[in-house]
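Shown next, in structure tokens, is the structure this report addresses.
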Amino acid sequence: MGDTKDLTPCPHGDIPRRATLFGALATLAACGFTPVYGPGGAAQGLQGAIFAAEPDTRNGFVFVARLEERLGRPRNAPYLLDYKIDTRSEGVGITPAQETTRYNLFGTVTYTLTDQATGQVVFRGREENFTGYSATSLIVGTQSVTRDANERLMIALADQIVTRLMATARDWRA
């Protein structure tokens, strides 16, 4: 039981993992790292502060639902996010019989963030992304995977916008 010759050495030499983690956290704190939603963070106060325009399509509904999931449901929101979603599908997998078996779905969201009290646009942007899906020989299956790909794309685009808004909030917030 007292024999230690078969023990595997720590991959970082004799430094325990906790000391390494503490050192990494201390380094982050020294460089000015603050949590984005924490006190003094760039996105402090953004929860519930952005009202997204009402969706009028299934993609818009998924997009707005994800925004609200990430930013919180708006309550007396001082900002309005207006957006335009564009998607297009492109066949990329074609069999020798000229049947398309794989598609890429491209999406673009252009958006403006407006201060509702003044009507002034405080931020505008454009985000792009894509996802792919495989077509099946069954119509119902293809409709299902197409719907799923659209949902994944809308979630990715909403996440990109939330990230952009959090990263730039200090520049546009009153």
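From the list Ala167, Ala149, the lone residue that is surrounded by 14 or more Cβ atoms within 10 Å (Cβ to Cβ), in contact (Cβ under 8 Å) with a residue 24 or more places away in the chain and part of a helix (DSSP H, G or I) is Ala149.
Restricting the first member to the stretch 73-85 and to residues that are closer than 16 Å to Met166 by Cα, and the second to residues that are crowded, with 20+ Cβ neighbours inside 10 Å and among the basic types (Lys, Arg), no beta-carbon pair is closer than 7 Å while six or more apart or on different chains. Among the residues of this structure, Arg70 counts as one that is closer than 24 Å to Leu46 by Cβ and touching a helix residue (DSSP H, G or I) at 6+ places or on another chain (Cβ under 8 Å).
Taking the numbered list (1) β-branched (Val, Ile, Thr); (2) part of a helix (DSSP H, G or I); (3) touching a strand residue (DSSP E or B) at 6+ places or on another chain (Cβ under 9 Å) in turn, Ile155 passes all entries but (3).
Throughout, read-outs are computed from the coordinates displayed, never taken from laboratory work. The shown structure was predicted, so the numbers you read here are calculated from the model rather than taken from an experiment. Because the Cβ atoms are built from the backbone with ideal geometry, glycine has one as well, and the counts that use them run over all protein chains shown.
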